[in-house]
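To start, the structure itself, in structure tokens.
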Amino acid sequence: QVQLVESGGGLVQPGGSLRLSCVASGYTFSSSAMRWYRQAPGKEREFVAFISTTGSSTNYVDSVKGRFTISRDNAKNTVYLQMSSLKAEDTAVYYCNTRRTNDYWGKGTLVTVSS
């Protein structure tokens, strides 16, 4: 079955950087676009970034444009989210997602931005 496993979260100071990873299994990774979402405490889950099957197309929520970069390595079945210039408001659980016949989600990785 489809499995998505995120990693790379942690505690980082404002202005710092982190790289999240999401390893996919149970399907042909290169055939599906991938997305990152996040959910901050007390808020609804929101879209963060999208990458097409080949990586040739990406888009981002306005609040992270110029600071976050989504990428993928189809040979490693992995999608990444490079986050820089982190702000307190980026604190959230980050989830990767793929859409096939259903929506599939990982369990998430917590990013805390605090001094």
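The values are calculated or read from the model by the stated rules, or taken from the named source; none is laboratory data. From a predicted model like this one, the values you see are computed outputs, not experimental measurements. We place every Cβ from the backbone using ideal geometry, glycine too, and count neighbours over all the protein chains shown. All accessible areas refer to the heavy atoms of the entire protein, side chains included, with ligands and DNA or RNA removed. Shrake-Rupley method; radii C 1.70, N 1.55, O 1.52, S 1.80 Å.
When you filter the GluC sites (Glu not before Pro) in region 27-115 for DSSP loop state and at most 10 other Cβ atoms inside 10 Å of their Cβ, you are left with E44.
For the chain, the fraction of 1.4 Å probe accessible surface lying on carbon and sulfur atoms is 46 percent. Using 13 Å as the cut-off for backbone N distance, which residues of region 59-81 belong to the label zone defined by a point 7 Å from the Cα of V23 along Cα→Cβ? The answer is 76-79. Pairwise alpha-carbon distances in the chain exceed 22 Å for 26% of all pairs. Heavy-atom accessible area for D90, with the other protein chains in place and a 1.4 Å probe, reaches approximately 0 Å².
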